Each structure stands twice: as structure tokens, then as C-alpha cells.
């Protein structure tokens, strides 16, 4: 079954998406671009960072060392943002042309709004604040896995450098742009826009939500955070399908990243030093978080029950 | 007319054969490293191990499509070729990992001998002492379950993605055009 914002328009070979005409299943398109965008992003952002470092004289070929990037976080942020905007954002929108019918890219990516969108965005904002203790609980759970000492030392060293940066004389608005604005938009376009939508064409929505969430967790290449990131990805995917719009997920992603940045800027000794020590958050706080999250999810269900835009996209898997 | 014929047997057979060839080439080069004198050339040979096995592995998708086309003689969509290639690539990764685990039982000292050969070579290169610890760590990690699982995961992704591309190329090279089969 085709995904369309104009369900009554008959599909002909001419207006069929390229992927359908050439027999590419949705999961291949989604998985393929997840791997492709990751590789392009890592390679180009890495090369760009080295070029910036060399051209500004901060790194020479004689004193080249692999930690230079982490010692120049401003350059890391700039190259990272450029890579994200180019490959996770712009190129994903271009690639969407292969999977969407002509003129329906924004509909395919769910970059649209209706009367319920503002309410959904507001709820997403509250949800991400309320769910923080639960996310912290899963971070603690993740840390109970046996990681090698060398890996933990590596992550710890990275956090120390980040702490120095955030407690230094950085421009907060610029940092928020790099850490919160760019990933919120670009990663959502990629994961909840392109990948989730393609997965929905090949499998049940619940499977698409779980798989896209797992890919989101692994994409960040931070082993100590895979579980909370994957669960967060699944929640954002559910939110996108339920509301039929990407904007609530973009807002939620922004709140999560901006909240972490602000917390680490103003309370670095708590936010960064404790993050690898694995202290379990108070259980009453986790319980409270679960209850509030449950009620917010119910509110999402009520708001979207009328138009039920999300249900429009609940499809059967493609045959064959 | 294009049909979605079953392709698992093609992917399985070709994936298995390619994994055996790739593993044999990898083992041959690894034993050459173990038997050679320490030096830069040994390090070059060691880096060729991964390159050669990868180069052999990426043809699984193309040959799996060829096998499938020989079986059914039907036109094939590019997307179908990508799926066949991706599956064949996944089988290559799984079988190659299984063969490397099996080789640990056949020659339990293999990993240690290879590590010692690499360390000796690295120590013979001036200024490369810092890399020795990295080699030790890499080999220690490869012995653990987590290390093997990580290696399998990376191989699945890389082999799957590359063979999806060669599977598409396989469709271009080997699949009959709709007119060809209509004429039959």
C-alpha cells in the first residue's frame, strides 16, 4: 500500500515514487540511508574539522594527534553542525524525492501542521521535562553493563573536556545552536521523518518504531547511553505517528538537548561529574515521572483522537 | 513480467562460498604475516588482510543475483537485487565470523601468534611504540564475546550495505530485460 497525502489520487507508473518503480522496499531505503548518511556525516565532518584545524594553525601535520578534535570543541561543534545540516538535513530531504510522490516531500516527512499541532508541541515540551528522571534511570541501568576500564576512561576524558568548555567563556546561544537546534531538526528529519516513514511502508508501525529507535540509539556511538537514547527514539517515533506531524518530536528533541546543555552549563559539577558514576536516581522521582508521563501520553491520545491523523498512517506491510 | 521469486537459497549458497574464499585468503595472508620477518612490509601485508577479504566479500551480492537469475530467468527490479545482495552480504558476515571462531578451535595459538608478529613488526618501526598497546587491546577485545559481537555487527552493516550496491550492479549485468523473457 502506498503512503499518500492524497489517498484518492490513483497511482500510475508516472507518479509512483522512484523507489516503488524500481522495487526498493521501504526498509531497504530507510536502512540504506541510515548507514549512508552516517558514513558521509562521519567522514565529511572529520575531514572538515581537520581542514579547519590545519588552516587556523591549531594543528600541523608534524604534531597531528587524534585527540586534537576534543581539545578544540568549537571546531568539533562547527564541523559537526555543517555535517548534520548537509547530510542529515538537506541531503535527506533530497533523498526523500526517491521515496515520495512528486510534490509530496513535506507530506512524506510529516513536516506539516494543523490545528492540533501547537497543542502537541506544547505537550511534547512538558513530556520531555517530565520524563527526565526516567531517562536518567535508564542511563543508570545502561551503566550497569560491564564496560572496559579503557572505554569508560575514554568517555570520561571526553566529558571532562566538555565540562571545561561549558564552564569556560563559551557563547551560550551558539552552543545551544550546535547542540540543540541543529540536531533537533536534522536528526528528526532523518530518523522520524525519513527512516520511520520508510520503515512503516514495509512493516507494522510498532516494529518501525522499535527499529528506528534502536538505530537512533546506535547512531550516537555512545555505548553508555544506548538504552536511554533508543527508548527516547522510540518515544519520539510514537509521538510522530500518533500526531501525524514531525514538529512535536523536533520540540521534544530540542528540549532534551537544550535542557542538558543548560543544566551542564549552570550545574556542571552535578551534570557531568555524576553522569559516569552510575548513581541510581531516587525511585520516588522515577515513579512520579512514570505517572506524569502516562497522563501526558493520555493527553496526546485525546488531542489526536478527533482528527486521528496518526491512524491514517497505520498501514499493512507491503506484500512480497 | 517481474516476480518476487524466493532468493534465500541463492544468498545462502553464494554467501557461504564467498565467506569460505574470503576466510581462506585472510588466513593465508595472516599466516604469511606470522612467518615473515618483522618490518614495514609485514604491517602492509597485515593491512592487506582486511582489504582483500573485504574485496572478495563485496562480490557476494552480484553473484547471488546471478545465481538467482540463472534459477528463474526472470527480469529483476533493482530493489530486489539490493535485497538479495544485502542478504548475501549478511550471510558472508555471519559465515566468516563462524569460520574465524572455528579456526580458534583448530589452531588455538593463531591469535596470539598473529598478535606477537604484529607487535614485533610495530616495535621494529621507529616512533610506533605507542601503537603496541593499541594492538594488545584490539586482540584482547577480539577474544571476548562482546568483541566478537561488535565485530559481527560492524561486518553485517558494512557487508550488507556494500553487497546491496553490488546486488544492484548484478541486476544491471545479469538480469534479463523484460523484452528478453517475453521473446522466450
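The values are calculated or read from the model by the stated rules, or taken from the named source; none is laboratory data. Keep in mind it's a predicted model, so treat the numbers as computed, not measured. Methodologically, a virtual Cβ is constructed for each residue, glycine included, from the backbone with ideal geometry; neighbour enumeration extends over all protein chains shown.
For the range A:131-209, list the helices (runs of 4 or more DSSP H) that sit wholly inside it and hold at least 3 residues that are modelled with pLDDT of 85 or more and within 14 Å of another protein chain (Cβ to nearest Cβ); which are they?
Answer list for the range A:131-209: A:196-202.
Which of the residues belonging to the range B:111-165 are part of a loop (DSSP other than H, G, I, E, B) and within 22 Å of the chain's Cα centre (by Cα)?
B:144
Could you check the range A:15-42 and list, in sequence order, the residues that are assigned to a loop (DSSP other than H, G, I, E, B), surrounded by fewer than 21 Cβ atoms within 10 Å (Cβ to Cβ) and either under 25 Å from the mean Cα position of the chain (by Cα) or more than 8 Å from chain B (Cβ to nearest Cβ) (or both)?
A:15, A:16
Only one of A:137, A:125, A:145, A:108 is surrounded by fewer than 18 Cβ atoms within 10 Å (Cβ to Cβ) and over 21 Å from residue A:266 (Cβ atoms); which? Give the derivation first.
Details: A:137 fails: surrounded by fewer than 18 Cβ atoms within 10 Å (Cβ to Cβ); A:125 fails: over 21 Å from residue A:266 (Cβ atoms); A:108 fails: surrounded by fewer than 18 Cβ atoms within 10 Å (Cβ to Cβ).
Result of the check over A:137, A:125, A:145, A:108: A:145.
Would you pick out the residues in the range B:10-26 that are buried (at least 18 other Cβ atoms within 10 Å of the Cβ) and within 10 Å of the chain's Cα centre (by Cα)?
If the condition is that a residue be buried (at least 18 other Cβ atoms within 10 Å of the Cβ) and within 10 Å of the chain's Cα centre (by Cα), then B:15, B:18, B:19, B:22, B:23, B:26 are the ones that fit.
Report whether or not residue A:219 is at pLDDT 95 or above and either crowded, with 21+ Cβ neighbours inside 10 Å or closer than 18 Å to residue A:142 by Cβ (or both). Walk me through it before giving the result.
Numbers: at pLDDT 95 or above: no; either crowded, with 21+ Cβ neighbours inside 10 Å or closer than 18 Å to residue A:142 by Cβ (or both): yes.
In short, no.
Each row is one residue, and each column tells you yes or no for (1) facing another protein chain (nearest Cβ under 10 Å); (2) in contact with a strand residue (DSSP E or B) (Cβ under 9 Å, 6 or more places away or on another chain); (3) surrounded by 14 or more Cβ atoms within 10 Å (Cβ to Cβ); (4) in contact (Cβ under 8 Å) with a residue 12 or more places away in the chain.
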| position | (1), (2), (3), (4) |
| --- | --- |
| B:74 | no, no, yes, yes |
| B:77 | yes, no, yes, yes |
| B:80 | yes, no, yes, yes |
| B:86 | yes, no, yes, yes |
| B:117 | no, no, yes, yes |
| B:122 | no, no, yes, yes |
| B:131 | no, no, yes, no |
| B:135 | no, no, yes, yes |
| B:155 | no, no, yes, yes |
